Amino acid sequence: MVASRIAACISPRIADGRVLVDHQFHNPLDLLGELDRFDAVIATRMHMAILALAAGVPVLPIAYEFKTVELFARLGMADWVTAIEDVNPENFPATVQGFIDALPGSRKQLFVAVGKERQLALSAGPLLRSAASQARTAA
């Protein structure tokens, strides 16, 4: 499993019993509640990253596709994205430690950006309703 291999790359000095790989299935609402227990999430899946950010939990993203890179660039966190093929025991512990060290200074800025993206996403609702209404009227 990818998560277990990534967790194995994290230095025991950093992990110190605080790294948890949860293999259980959780529906999105339950998972949102579970995320309250975490200080940060290392995410290989964009939707997990979004869920963690929605829960107010910072994310160290590992990208296996361009969408994750684009998302975190929009959030001002492009420098923290690691390509999945670049994750290895030699370099990833330093990335994790750097991320942890940077959190106090970057957390506020991150969640301001998350709030802006949330508002942008919510603004699409009225536009979609209007377009759907116009389409029904035209039909």
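Every read-out reported here was derived from the displayed coordinates using simple, explicitly stated rules and does not represent laboratory data. As the structure is a computational prediction, the values presented were derived from the model and not from experiment. Every residue, glycine as well, gets a Cβ built from its backbone with ideal geometry; the counts of neighbours run over all protein chains shown.
Overall, the anisotropy analysis places segment 77-139 in the oblate class: the square-rooted eigenvalues a ≥ b ≥ c of its C-alpha gyration tensor yield a/c not less than 1.5, with a/b not exceeding b/c. 3J(HN,Hα) along segment 94-111, derived from phi through the Karplus expression 6.51 cos²θ - 1.76 cosθ + 1.60 where θ = phi - 60°, amounts to 5, 5, 4, 4, x, 5, 4, 5, 7, 3, x, x, 10, 4, 4, 4, 4, 7 Hz, with x in place of Gly and Pro.
For the peptides 117-123, 76-82, the ranking by mean Cβ contacts within 10 Å, running from highest to lowest, is 76-82, 117-123. Take each peptide in 36-45, 84-93, count the other Cβ atoms within 10 Å of every residue, and average; sorted highest first, the result is 36-45, 84-93.
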